[in-house]
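Report on the structure given below.
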Amino acid sequence: MGGVRSHYIVAGEMWPPWLERTNHSDPMGFRGITWEILLQIADILEFDFTFVQPEDGKWGSVDDAGTWNGMMGMIQRKEIDFAIGPFGMIPERAVACDFSVPIALDHLIPVTPVILSKDPWVLARPFHYFVWLSLMALFLTCIITLAGVTILLPRRAQSISGVVEFVVKSFVNEGSVTIPRTSISLSIVSTFWLFGAMILVYSYSGTLTALLAVPKAPFLVESMADLTQQEMFPWRIQTGSVLEQLSSKADPGTVFGGFARGAKPAPSTCYDNVQHIENREYAMICERISVEKMISDGFSKSGMCTLYSGRVSFMSLAYALAFQPNSTILPQVNAIILHMLEAGLIRKTMDQLMPNGTQCSTIDKVIGSHGNERASPLAMSDLITSFEALGWGILLGVFNLCLEWAYKYIYCNYR
């Protein structure tokens, strides 16, 4: 009581949801997961602190000469007492600092823009391919059955061509179709065929209407391998990050080596690059928690999923705070962090900062978030398959006409 409170210099850098500024005029105007941890530590251990940011805006990586940049460099030069980061716990960094117990386990995944387009094969999508095969078999079976019944009638009152015309017209929902009444047998088969054809036609048309209005995402980047193999957009790597540190030793023959070789530097965090990613300028490999924050904030603003997070992680990392070697307060800090983890306080803070973090967790949710696009007029690209089918029909008709004229010419001149 009444004693002199300790004072520490603490470093951190903006990295939502871990740390973000809420008030630029207030030196304590921050929020985030690591900020809440810092406030808890300062309150329980009863110390004051001065919060600073690294001039280069980096977390810390080491060059060939052994010199660290970012917050790791500040720890190495004893400019600060500890940094709230958090920092990916890799052996290279453990040489420059003492880590706290991990505050989270995160996964590095690709984050790419959502690229939606209409399906060029939408006319075939309402039915599964097995259904199409069954329909063709049923179509032929019905023609054969009706033709057989017509032939076997005691008095033929329906031509074979008339039977084919009836089946085709009913199958394409032609309004002028009439049930043959020349025979009870023929009427029974025809009635059941009309009933079945009606169900199939309306099922197809209803499903097709929905598919024409709903966009799909044919291009998904699920892993680092997918990212390096695509050519739609380049990718970048955050400077001073774990990936940059590890990329200097990446085997050129591996997927990571290909990623490192093709990556350009991004001067800030993934969150700070969200606009560039949404605009399809480039993609990045980011921590899943950061990606959930990017998606949550984007969804809160627009109600749509503009980013897609890959499902295959490149690697998993434990994240922790970084202290000066042999820090006297580290054991107490570890006990406080463990208590916060056990009480679920860190998870609770994450959920509060990312209320819409799971709104775009599946491709169905991504497509569904763009539902307001369904009211837009159908463009030519949406119906290109229909025009292609009509074009092929015209070409086949012209080709058949040429064959008929050739046959007529040969028949008239050489009979």
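The values are calculated or read from the model by the stated rules, or taken from the named source; none is laboratory data. All values reported here derive from a predicted model rather than from experimental measurement. Quick reminder, even Gly has a Cβ in these numbers, built from the backbone with ideal geometry, and neighbours come from all protein chains shown. Heads up: the accessible areas ignore ligands, DNA and RNA and are worked out on the full protein's heavy atoms, side chains in. Shrake-Rupley method; radii C 1.70, N 1.55, O 1.52, S 1.80 Å.
Points to keep in mind about this one:
- Residue ID - modelled with the highest pLDDT, chosen from residues in region 266-306 that are under 29 Å from residue 37 (Cα atoms) and assigned to a loop (DSSP other than H, G, I, E, B): 270
- Pair list, Cβ under 6 Å, 6 or more apart: region 41-64 residue open to solvent by 70 Å² or more (accessible area, probe 1.4 Å), other residue among the β-branched types (Val, Ile, Thr): 44/336
- Meets criteria (charged (D, E, K, R) and touching a residue at least 40 places away in the same chain (Cβ under 8 Å)) for residue 261: no
- Sole residue being under 16 Å from residue 291 (Cβ atoms) and touching a Gly at 6+ places or on another chain (Cβ under 9 Å), chosen from 321, 353: 353
- Qualifying residue in region 242-265 (condition: within 24 Å of residue 19 (Cα to Cα) and either under 17 Å from the mean Cα position of the chain (by Cα) or modelled with pLDDT of 90 or more (or both)): yes
- Enumeration of residues in region 223-259 that are within 20 Å of residue 68 (Cβ to Cβ) and not in a loop (DSSP other than H, G, I, E, B): 237, 238, 242, 243, 244, 245, 246, 247
- Inside region 247-271, residues that are open to solvent by 40 Å² or more (accessible area, probe 1.4 Å), out of contact with any strand residue (DSSP E or B) (no Cβ under 6 Å at 6 or more places or on another chain) and not small (Gly, Ala, Ser) make up a count of 9.
- Listed conditions (1) in a strand (DSSP E or B); (2) touching a helix residue (DSSP H, G or I) at 6+ places or on another chain (Cβ under 6 Å) are all met by residue 44, apart from (1).
- Residue match in region 126-147 (condition: at pLDDT below 75, part of a loop (DSSP other than H, G, I, E, B) and open to solvent by 30 Å² or more (accessible area, probe 1.4 Å)): no
- Restricting region 70-103 to residues that are part of a loop (DSSP other than H, G, I, E, B) and open to solvent by less than 40 Å² (accessible area, probe 1.4 Å), the residue that is nearest to residue 6 (Cα to Cα): 80
- Identity of the residue in region 17-34, open to solvent by 10 Å² or more (accessible area, probe 1.4 Å) and in a loop (DSSP other than H, G, I, E, B), that ends up nearest to residue 334 (Cα to Cα): 28
- The set of residues in region 98-125 that are charged (D, E, K, R) and modelled with pLDDT under 80 comprises 118, 119, 125.
- Per-region count, region 307-355, residues closer than 23 Å to residue 113 by Cα, open to solvent by less than 80 Å² (accessible area, probe 1.4 Å) and either part of a helix (DSSP H, G or I) or charged (D, E, K, R) (or both): 1
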